[in-house]
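Contents: one structure, followed by commentary.
The values are calculated or read from the model by the stated rules, or taken from the named source; none is laboratory data. Bear in mind that the values here come from a model prediction, so they are computed numbers and not experimental data. Here the Cβ positions follow ideal geometry from the backbone for every residue, glycine too, while neighbour counts run over all protein chains shown.
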Amino acid sequence: MRGLRLPLRADLAGIEPYGAPHLAVPVILNVNENPYAPAEDVVADVAAAVAAAARGANRYPDREFTALRQGLAEYLAVESGVEVPPGEIWAGNGSNEVMLHILQAFGGPGRRVLSFTPTYSMYPEYARDTLTEWVARPRGADFGLDLGAAVAAVREVGPAVVLLASPNNPTGTALTTAEVAALAAAARGAGPDGTDAVVVVDEAYGEFRRQGVASALTLRSDHPNLVVTRTMSKAFAMAGLRLGYLAADRRVVDALRVVRLPYHLSAITQAAALAALGHRETLMAQVASLRAERDALQAWLGEHGFTAVPSDANFVLFGVFPDRHRVWAQLLERGILIREVGPAGYLRVTVGTPEEIRAFRTALLEVSRD
Ligand SMILES: Cc1ncc(COP(=O)(O)O)c(C=O)c1O
């Protein structure tokens, strides 16, 4: 091979691309997917919508994805009881992309993004890729926030963007609306040059929250600097579709429209997402059963001497192991793939089908914990 000296940015040298191991094993519980493949009627509707979109594929798609915005607004109204005008919705290829748009619009050199760790491991990557300084403050021992310290951090760090995952990945813990409201209020005037810092509540797992835990969407009318992101990848069982979205003040959405690539959402994606949204009732019923499975798994872990962090998501963080890698590897030997992620000593398991969870429990009781 001829020599090639690439002018790669120094901060990217030697960095491995993000991604969990993709291993072909019988039980895959490592990336928080919905374990149920779409039902045949969903598949048929998506296929028909994609065929119709393909007939017009010589043209660029609707840049403003008007019909999809309407469909997402209707879904949010049913799911969380909050009316969001379609113009206050933004979408992209996964919620990863909409969050990157936020950093592209509001971050950048000389600016900071603040988050509370352990949290979703892609956040520092959005910061790196937009040349925004990443500032992380620790969560408490229960993986919740010390609200006083968090509010003080917002004032002291002066971030352009605050990223809060709720329910948080990998801990599964959700923030209360009172905590989010306090942070959104503290962020007013705390951004660069006295601007209102944008507070993002990443509700990728929002639909799995336990009863009585409200969505941050309910706070929108009082906090125009609040952005709530969602995805069709988890509860909606459409990780392969790549459709994430957010609800935000119109002025935030207008800023995101500036940084997006032209026609970033393909006509195929728009059509498939809209068709899938038409089946929201079936999918929401499935979410209820996954929540029940999650609660049962959490209780079972506790009964068998593990520490299971109370979860509002479709996964449970559990431990605590002196050598978590060994436990992970022994499970893998038994055909069960979970995730070695998060605080020392813990492992994260996604809620699968009842059969998958049975296989996981059996294997976990067989492996040596120390
Ligand atoms: C907290 C959190 N946010 C966002 C995402 C990204 O989801 P997607 O880009 O598939 O919408 C994930 C995926 O695992 C996640 O865990």
Answer from LEU274, LEU226, LEU219, LEU246 - the residue that is surrounded by 18 or more Cβ atoms within 10 Å (Cβ to Cβ) and within 16 Å of the ligand (Cβ to nearest atom): LEU246
Listing of helices (runs of 4 or more DSSP H) fully contained in the range 7-110 that carry 2 or more residues being closer than 18 Å to THR130 by Cα and modelled with pLDDT of 95 or more: 95-106
Residue within the range 21-30 that is under 19 Å from LEU283 (Cα atoms) and not small (Gly, Ala, Ser) present: no
Test: residue in the range 148-166 that is among the hydroxyl-bearing types (Ser, Thr, Tyr), away from the ligand (no atom under 16 Å from the Cβ) and either modelled with pLDDT of 95 or more or farther than 18 Å from LEU183 by Cα (or both): no
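Per-residue answers, yes or no, for (1) touching a helix residue (DSSP H, G or I) at 6+ places or on another chain (Cβ under 7 Å); (2) outside any helix (DSSP H, G or I); (3) not charged (D, E, K, R):
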position: GLN330; (1), (2), (3): no, no, yes
position: GLU356; (1), (2), (3): no, no, no
position: PHE360; (1), (2), (3): no, no, yes
position: ALA363; (1), (2), (3): yes, no, yes
Residue in the range 188-204 that is of a type in the set (D, E, K, R) and within 17 Å of the chain's Cα centre (by Cα) present: yes
So TYR126, is it of a type outside the set (Gly, Ala, Ser), crowded, with 19+ Cβ neighbours inside 10 Å, assigned by TED's automatic domain parsing to the domain that holds GLY158 and not in a loop (DSSP other than H, G, I, E, B): yes
Count of residues meeting criterion [basic (Lys, Arg) and under 30 Å from TYR346 (Cα atoms)] in the range 260-306: 2
